[in-house]
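What follows is one structure encoded as structure tokens, with my remarks underneath.
The values are calculated or read from the model by the stated rules, or taken from the named source; none is laboratory data. Quantities reported herein were computed from a predicted structural model and do not represent experimental measurements. Quick reminder, even Gly has a Cβ in these numbers, built from the backbone with ideal geometry, and neighbours come from all protein chains shown.
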Amino acid sequence: MPTSDSPSTPSATLPPLGTQRQRQWLLGLSLLLIACNLRPVFGSLSVVLPEIMRDTGLSAAGASLLTTLPIVCLGLFSAPTPWLSRRFGAERVLLLALLLIGMGTLLRAAGSLPFLFASSVLAGAGIAMGNVLLPSLVKRHFAQHAALMTGMYILAICIGATIATASTVPLATHIFAGSWAHALAVWALPALLVLALWLPQALRMRTEAIDPAAQAGSLRRDALAWQVTAFMGLQSSLAYIVIGWLAPILRERGLESDLAGYVVAISTLAQLVTSLVVPSIAARCRDQRALAVGLTALTFTALMGLILAPLSTVWLWALLLGCGQGGLFALALSLIVMRSGNAQVTAQLSAMAQGWGYMLAAFGPLLTGLLHQWTGSFSSSIWLIGLLSAAMAWSGWGAGRNLLVLPGPRTR
């Protein structure tokens with residue numbers, strides 16, 4: 001006796017195949033465009049941070065707080081996102097995420113410190129929701145092509161970050177007559193445009209039924225889940241040190257502001273290659289332990305080159321850094337999908353890894369700024385980067401094991 005889901009269901013009750021394919025293509029494109037809006041808030045700020053400090057009187061410690069606050073928000077607002085997704089539907093929560101990113105970014109146009117800090121909170125909250133929901137939506141809607149789609153949306157994140165990092169200084173200089181505030185606020189436009197594209201799709205989609213297995217218990221007693229969380233947080237900590245402080249580090253070493261921005265943009269652009277191929281490589285490996293440690297070593301070496309090697313070599317080190325960090329970010333997100341058994345557990349693990357992970361990540365850029373204020377030099381960050389890299393290699397070795405996270409205590 002055929003069920004309502006069986007192949008013998010009359011075709012009149014199903015949407016035409018062409019319509020299904022069109023909706024799938026539109027869904028995939030929309031998720032990629034949403035991903036493009038998850039990093040411009042960070043990359044655009046770092047390249048004009050010295051000008052912000054000059055014009056507002058912001059201290060190095062205050063600048064550390066400004067660059068760290070949105071990362072803290074990534075952690076704080078990741079935790080309630082799975083509940084919001086279950087209550088209202090992941091697609092509708094993404095509407096709220098895009099609205100928060102757009103409105104938060106737009107606040108930067110005021111150019112005053114209160115609005116800059118408020119912008120960080122609002123945009124950080126929206127980015128947190130997008131970070132958590134995209135992996136679970138990929139798992140749900142593109143289960144047969146999860147590795148490819150993971151690589152594609154990581155690629156989209158890198159493209160958004162690259163464009164914002166490379167374009168903000170020229171926009172401020174040539175379009176907005178030196179106004180960094182308006183150059184920062186312009187990145188609200190892409191988020192609001194994608195919001196208009198996503199709105200009809202989100203309202204049309206139905207909330208997915210909850211898998212009872214996903215509610216069997218918390219992941220907080222699972223050691224593997226904590227190792228995935230630590231790996232996510234530590235690679236993010238290094239990433240936000242680069243996003244927030246690499247341009248000021250290079251400017252302190254003698255590079256002009258536009259060149260420093262281009263170096264960071266080249267590094268971000270280099271992430272496109274590894275972010276696209278690493279998910280597929282990881283999926284083909286028996287486990288991902290060696291991949292995690294190797295990418296960590298590459299990233300550490302490149303950062304040391306950018307801080308210590310002659311300035312004439314910065315472009316080489318920037319390319320190597322981008323390859324390492326793009327691979328680490330792709331691997332961290334891939335592990336969230338690979339270590340979970342269904343879309344709901346993916347959302348749980350994503351919220352845990354990005355919630356607690358980003359709280360851990362926030363200490364990286366914060367300590368970098370504080371160390372600079374205490375010592376008067378960015379050279380003191382070498383020891384911090386070394387410590388974070390060692391911890392990341394250790395957690396990556398554990399997270400790379402070929403196991404699944406289990407709600408409740410792990411028995412093996």
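In segment 203-216, of all residues being surrounded by 13 or more Cβ atoms within 10 Å (Cβ to Cβ) and in a loop (DSSP other than H, G, I, E, B), the one that is modelled with the lowest pLDDT corresponds to ASP211. Residues that are in contact (Cβ under 8 Å) with a residue 60 or more places away in the chain, surrounded by fewer than 24 Cβ atoms within 10 Å (Cβ to Cβ) and not in a loop (DSSP other than H, G, I, E, B) within segment 74-83 comprise GLY75, LEU76, listed in sequence order.
Given the criterion out of contact with any His (no Cβ under 9 Å at 6 or more places or on another chain) and either basic (Lys, Arg) or crowded, with 23+ Cβ neighbours inside 10 Å (or both), identify the matching residue among GLY396, GLY376.
It is GLY396.
Any residue at all in segment 45-68 that is at positive phi and either aliphatic (A, V, I, L, M) or modelled with pLDDT of 85 or more (or both)? Looking for residues that are at positive phi and either aliphatic (A, V, I, L, M) or modelled with pLDDT of 85 or more (or both), one finds at least one in segment 45-68, hence yes. Scanning segment 156-190 for residues that are buried (at least 23 other Cβ atoms within 10 Å of the Cβ), under 26 Å from VAL278 (Cβ atoms) and hydrophobic (A, V, I, L, M, F, W, C) yields a count of 5. Being surrounded by fewer than 24 Cβ atoms within 10 Å (Cβ to Cβ) and at pLDDT 90 or above is a property that does not hold for LEU331.
Conditions (1) closer than 18 Å to MET232 by Cβ; (2) in contact (Cβ under 8 Å) with a residue 60 or more places away in the chain, marked per residue:
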| position | (1), (2) |
| --- | --- |
| PHE42 | yes, yes |
| VAL72 | yes, yes |
| LEU107 | no, yes |
| ALA118 | no, no |
| MET129 | yes, no |
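Of the residues contained in segment 241-255, none is found to be of a type in the set (A, V, I, L, M, F, W, C) and either in contact with a Leu (Cβ under 6 Å, 6 or more places away or on another chain) or free of Cβ contacts under 8 Å to residues at least 12 places away in the same chain (or both).
Being charged (D, E, K, R) and crowded, with 17+ Cβ neighbours inside 10 Å holds for only one residue in ARG289, ARG284, and it is ARG289. Let me spell it out: the conditions are (1) outside any helix (DSSP H, G or I); (2) touching a helix residue (DSSP H, G or I) at 6+ places or on another chain (Cβ under 9 Å), and ALA177 meets all of them except one. Which number is the exception? Result: ALA177 fails condition (2) only.
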